[in-house]
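Student: Here it is, the structure, as structure tokens.
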Amino acid sequence: MKKKISLFICIFSGWLSTAIAQDAPIMALDPTLMAGWSGNLAYGNTWGPRGSTKAKSSYPYKSTPALRQAVVTSFTKRLRTQSPRGAQAVMTTFGPGKADYGTVYTEMLKTSALHDNDAADALTGLILAGYQIVNNVSDDQVTKDKERAARAQIAGILANNSKFSSETTRARTAEELKLQTVILALGLQESLKNNTADAYRKSIAAMFQKSYQLDLYNFQLTAKGFGKK
């Protein structure tokens, strides 16, 4: 995802908490999201599933302020059991009466080929954000063609997941993925300010490995999408 982090941080730095960088992990929604793809990248040089004309390529849903607040509440409730400080930081930043993470996410998409309110785009955005953070890949290295190719891979994955035939499931899953993407961006900026970016990159790599069995260090993004280095 091409993230305009510098603009984002100027707007929202007043709400930034170090607890987000230190304690807020990725909470895996469903490990099967990446089933059939992570193995390809882990054990071979083949490319992951690609989108096709036969596969469903669009996973739209409707996002509302009420849905986004429900997602913040459910996310922080689960997060509290393993990271009270991280949960408090998320609620303080995006809870009732605070900033809307949806607005932040929309700003992040302004120069991206990805679209809002689509589950495939949301999962692609999270994977791209993690990939960029872990491998220290700058925005200008992630072209729109590369984003579209990665998105086609993700759409191919979701086509094999029957859960996403439900708009309700798509909506809640995608909104939490968006929230997590914003949290990753916040954490990166805080780590850069505190000169702890190297440790943060390692922690994000470990989170993706644990949550999705994805070794982002071995990822390479090209015009064909993600492959193994």
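The values are calculated or read from the model by the stated rules, or taken from the named source; none is laboratory data. Being a predicted model, the structure only gives us computed values, none of them experimental. Methodologically, a virtual Cβ is constructed for each residue, glycine included, from the backbone with ideal geometry; neighbour enumeration extends over all protein chains shown.
Student: Looking at the range 92-116, I want the residues that are under 29 Å from residue 143 (Cβ atoms) and have a partner that is among the β-branched types (Val, Ile, Thr) and surrounded by fewer than 19 Cβ atoms within 10 Å (Cβ to Cβ) with Cβ atoms under 9 Å, at least 6 apart or on another chain. Which pairs are those?
Tutor: Filtered contacts from the range 92-116: 104/11; 107/11; 108/5; 113/143; 116/106.
Student: Looking at 155, 205, 150, 197 in this structure, which one is crowded, with 18+ Cβ neighbours inside 10 Å, over 26 Å from residue 68 (Cβ atoms) and either of a type in the set (Ser, Thr, Tyr) or within 17 Å of the chain's Cα centre (by Cα) (or both)?
Tutor: 205
Student: As an exercise: evaluate residue 89 against (1) in contact (Cβ under 8 Å) with a residue 24 or more places away in the chain; (2) touching a Phe, Trp or Tyr at 6+ places or on another chain (Cβ under 9 Å); (3) more than 23 Å from residue 164 (Cβ to Cβ) and give the number of the one condition it does not meet.
Tutor: (2)
Student: In this structure, is residue 136 polar (S, T, N, Q) and either surrounded by 15 or more Cβ atoms within 10 Å (Cβ to Cβ) or within 20 Å of residue 64 (Cα to Cα) (or both)?
Tutor: no
Student: Continuing with the same structure: Take the conditions in contact with a helix residue (DSSP H, G or I) (Cβ under 7 Å, 6 or more places away or on another chain), under 23 Å from residue 89 (Cβ atoms) and aromatic (Phe, Trp, Tyr) and apply them to residue 219. Does it pass?
Tutor: It is false that residue 219 is in contact with a helix residue (DSSP H, G or I) (Cβ under 7 Å, 6 or more places away or on another chain), under 23 Å from residue 89 (Cβ atoms) and aromatic (Phe, Trp, Tyr).
Student: So residue 109 ticks every box in (1) at pLDDT below 55; (2) touching a His at 6+ places or on another chain (Cβ under 9 Å) but one. Which box is left unticked?
Tutor: Exception for residue 109: condition (1).
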